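Worksheet: one structure, shown below.
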Amino acid sequence: MNNVISYLESQRSQALDGLKEFLRIPSVSTHPHHREDLHRCARFVAGELEGIGMRNVAVNPTPGHPIVTADWLDAPGKPTVLLYGHYDVQPAEPIELWESDPFDPVVRGDNLYARGSTDDKGQVWVHVKALEAHLRENGRLPVNVRMLIEGEEEVSSENLEAYLEAHKAELAADVVVISDTSMLDYERPSIGYALRGMAYMEIRIEGPNKDLHSGVYGGAVPNPLNVLSEMLGKMVDRDGRITVPGFYDDVLPLRDEERESLAALSFDEEGFAGKLGLPHATGEKGYSTVERLWARPTLDVNGMLGGFTGEGSKTVIPSKAMAKVSMRLVPDQDPEKIVRTFTDYVKCLAPPSVKVEVICHGTGKPVLTARDHPAVTAAHKAIARGFGKEPVYIREGGSIPVVAMFEEKLGLPTVLMAFGLPDCDAHAPNEKFHLPNFYRGIDSAAWFYEEYGRVR
Ligand code: BES
Ligand code: MN
Ligand code: MN
């Protein structure tokens with residue numbers, strides 16, 4: 001391993017340059033006009049994988065954006081890792097809030113700024129560079145590796161399920177490894193053991209069949225914006241409890257043991273609120289901040305549209321109003337069931353004077369991952385070496401719907417090796433990757449393949 005680690009040390013600036021090239025491709029999966037950029041990005045990933053010596057590299061078309069696959073299976077008797085990541089990114093808007101071009105990566109201080117720098121191109125790159133070091137230095141990998149890098153994670157992995165179903169044999173492995181999550185903080189490298197799930201909904205309300213003068217009609221017609229805000233206001237009560245009937249029925253309560261282990265992380269509550277300009281954290285009564293973030297479900301309005309929002313004033317009763325609502329779910333909530341009860345609830349909250357439409361934009365299942373798998377032990381040792389510190393075990397508040405699919409379709413457990421930071425501003429302006437963690441991450445990943453190869 002010494003040669004692998006010294007190779008990585010000597011290659012730091014090349015690793016950074018390669019990542020910058022990856023980040024220059026605006027692979028925004030949700031925007032149809034970036035379609036060709038997603039193909040270009042997939043070809044870029046494939047080219048790099050070929051370059052480092054991965055085999056059977058393919059850019060697999062889907063009805064949406066392509067899936068890049070590759071393998072290296074020349075370690076007989078050794079376990080097989082399925083490395084998953086995504087090359088697509090979130091939109092950069094609002095562009096005016098970026099201090100530099102989101103698709104022209106720059107280093108300022110200890111950070112590399114660009115859309116996708118941590119989510120997830122940077123963390124995919126960590127593994128590509130670690131695998132490269134093994135292949136260059138030793139001509140081989142310590143374990144068998146399959147790779148699946150998709151282009152639709154940020155749009156709910158719409159075509160991945162069918163791909164998994166159709167390619168079960170080519171994806172056979174012992175474990176899935178994903179680096180697409182956050183460490184607890186700068187000081188504490190982390191291994192994730194849970195992800196929240198998701199149900200993303202849209203509510204449309206229509207009142208009168210056209211916009212109306214609020215003086216001529218006001219007081220005698222339903223106002224869709226008033227109606228919608230009243231409905232939304234009822235969905236979470238004063239104690240932070242969600243009022244959708246049956247919402248908590250399948251929530252696995254935290255066991256005392258786990259509450260203690262989460263409390264032992266001594267999460268910096270004051271710092272958490274302070275950095276966000278808040279007097280204190282908020283949420284469901286009876287739970288600590290980490291419990292609310294990681295182990296309790298939520299209901300959040302993501303956006304609302306309707307009526308007059310321009311400068312100055314205009315007196316109007318809008319005909320229509322709309323809101324986007326996301327619910328983060330926890331084990332063992334079933335997203336499909338939540339979609340149904342939410343839809344029924346919205347319809348029952350709405351007065352008969354308006355038309356209501358409820359649309360589901362995507363779901364993802366919550367997961368708890370195995371903690372006693374040999375790959376977790378290997379990841380633990382690897383992170384301890386790469387960071388010079390033992391990792392802590394955390395849940396994650398975000399969602400990666402494919403993790404549940406890997407378990408259901410392929411029977412595979414997942415290890416979440418986190419290299420991002422909670423304040424990396426993923427999905428927001430000025431997304432960044434903390435470079436010291438980028439390099440420690442690469443060393444940790446290199447150690448992971450080595451340690452996992454020692455298992456059998
Ligand atoms: N990498 C994130 C998920 C994540 C971030 C998990 C931080 C844990 C910590 C992923 O790219 C993502 O953004 N997922 C979406 C899923 C949604 C589109 C279904 C999310 O969580 O909003
Ligand atoms: Mn991601
Ligand atoms: Mn994301």
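The values are calculated or read from the model by the stated rules, or taken from the named source; none is laboratory data. Predicted model only: the values in this text are computed from it and were never measured. In this analysis, Cβ positions are derived from the backbone assuming ideal geometry, glycine residues included, and neighbour counts consider all displayed protein chains.
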Quick count over the stretch 113-140, residues being in contact with a strand residue (DSSP E or B) (Cβ under 8 Å, 6 or more places away or on another chain), within 16 Å of ligand 2 (Cβ to nearest atom) and not in a loop (DSSP other than H, G, I, E, B), is 5
Residue 384 fails exactly one of the following numbered conditions: (1) in contact with a Pro (Cβ under 9 Å, 6 or more places away or on another chain); (2) within 14 Å of ligand 1 (Cβ to nearest atom); (3) under 27 Å from residue 260 (Cβ atoms). What is the number of that condition? (2)
For the stretch 216-247 the number of residues that are surrounded by 12 or more Cβ atoms within 10 Å (Cβ to Cβ) and either among the β-branched types (Val, Ile, Thr) or not assigned by TED's automatic domain parsing to the domain that holds residue 334 (or both) is 6
Based on what the data block shows, is residue 293 farther than 30 Å from residue 348 by Cα, in a helix (DSSP H, G or I) and either small (Gly, Ala, Ser) or within 23 Å of the chain's Cα centre (by Cα) (or both)? no
Which of the residues belonging to the stretch 68-97 are closer than 23 Å to residue 41 by Cβ, more than 16 Å from ligand 1 (Cβ to nearest atom) and surrounded by fewer than 19 Cβ atoms within 10 Å (Cβ to Cβ)? 94, 95
Of the residues that make up the stretch 51-60, is at least one within 16 Å of ligand 2 (Cβ to nearest atom) and of a type in the set (A, V, I, L, M)? no
In the stretch 381-404, the residues that are under 17 Å from residue 267 (Cα atoms) and within 16 Å of ligand 3 (Cβ to nearest atom): 396, 397
Before we move on, is residue 397 within 16 Å of ligand 2 (Cβ to nearest atom) and either part of a strand (DSSP E or B) or surrounded by fewer than 20 Cβ atoms within 10 Å (Cβ to Cβ) (or both)? no
Right, residue 246: under 16 Å from residue 292 (Cα atoms) and in a loop (DSSP other than H, G, I, E, B) or not? no
I'm trying to understand the selection: among the residues of the stretch 368-403, which are charged (D, E, K, R) and out of contact with any strand residue (DSSP E or B) (no Cβ under 8 Å at 6 or more places or on another chain)? 372, 381, 385, 390
Residues in the stretch 114-127: is at least one over 18 Å from the mean Cα position of the chain (by Cα) and at pLDDT 95 or above? no
